[in-house]
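The values are calculated or read from the model by the stated rules, or taken from the named source; none is laboratory data. Just so you know, these numbers come straight off a predicted model, no measurement behind them. As a convention, Cβ positions derive from the backbone with ideal geometry for all residues, glycine included, and neighbour counts pool all protein chains shown.
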Amino acid sequence: MRGNRLFFLLMAFVCGCTSTQLNQSLGTINDILGGDELTTDQVASGLKEALINGISNGSAKASKVDGYFKNPKIKIPFPPDVQKVETKLRQIGLDKQVDDFIMTLNRGAEQAAKEAKPIFVSAIKSMTIQDAWGILKGEEDAATQYLTRTTSDQLKLKFQPIVEKALNSTNATRYYTDIISTYNKVPFVDKVDPDLNNYATNKAIEGLFYLVAQEEKKIREDPLARTSDLLKRVFAEQD
């Protein structure tokens, strides 16, 4: 009975519209739980803490060796606008060169991903209470959508020079130049020379947001992923 009452109160709490209603719902929940009253500020802080932990997990997964390369969901393939290059080179027996390029391309993304965490953390810390409640009441990827809106431009600016440096240090640029030069020497083919750095930057960021969405899903669905004590208190009996 107590669990049912709390469940319905939590539904009202999450769906509330005003700060006053939210605080009243919080007070009622805490009366039932027997704890001190939680304010909207405290719950917003709890959400931020949980999201920062999730972001840390996501960026750590992306930046480790094989974080991109061995994750089929975010692995960066040969640039699609020059897919014909890969096909042609494999046809003439250059599989190793193509495979080496794809691996080093992903190594570059893994190196760049190390720079993502502070950008995400800064965006989370700058959330308003309204932002936090919008995320709590929003769609299952509301936090990811928020971070996409608030960090994409900054990530791209930060990532581009890092990706370029990483591509050079992992020899991806050299492999790519060699591959494109080889392809362009094939008789009767249209010459190609796309922007590798821009492609790799966009795909690296896209992969990061995919991992962020996965971490957000855990926070929403898995009680063990709610590392904030404040969130545990609020959602303790909802599941």
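Tabulated values for the structure
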item	result
Those residues of the range 133-152 which are among the aromatic types (Phe, Trp, Tyr) and over 13 Å from Ile55 (Cβ atoms), in sequence order	Trp133
Residue among Tyr199, Tyr183, Tyr175 that alone is touching a residue at least 60 places away in the same chain (Cβ under 8 Å) and touching a Pro at 6+ places or on another chain (Cβ under 6 Å)	Tyr199
Residue count for the range 116-135, restricted to those that are within 14 Å of Ala44 (Cβ to Cβ), surrounded by fewer than 18 Cβ atoms within 10 Å (Cβ to Cβ) and not small (Gly, Ala, Ser)	4
Residues that are more than 14 Å from the chain's Cα centre (by Cα) and assigned to a loop (DSSP other than H, G, I, E, B), drawn from the range 48-70	Lys64, Val65, Asp66, Phe69, Lys70
Tally, over the range 90-132, of residues that are part of a helix (DSSP H, G or I), touching a helix residue (DSSP H, G or I) at 6+ places or on another chain (Cβ under 7 Å) and more than 24 Å from Thr201 (Cα to Cα)	5
Residue match in the range 52-74 (condition: modelled with pLDDT under 85, closer than 24 Å to Lys217 by Cβ and of a type in the set (Asp, Glu))	no
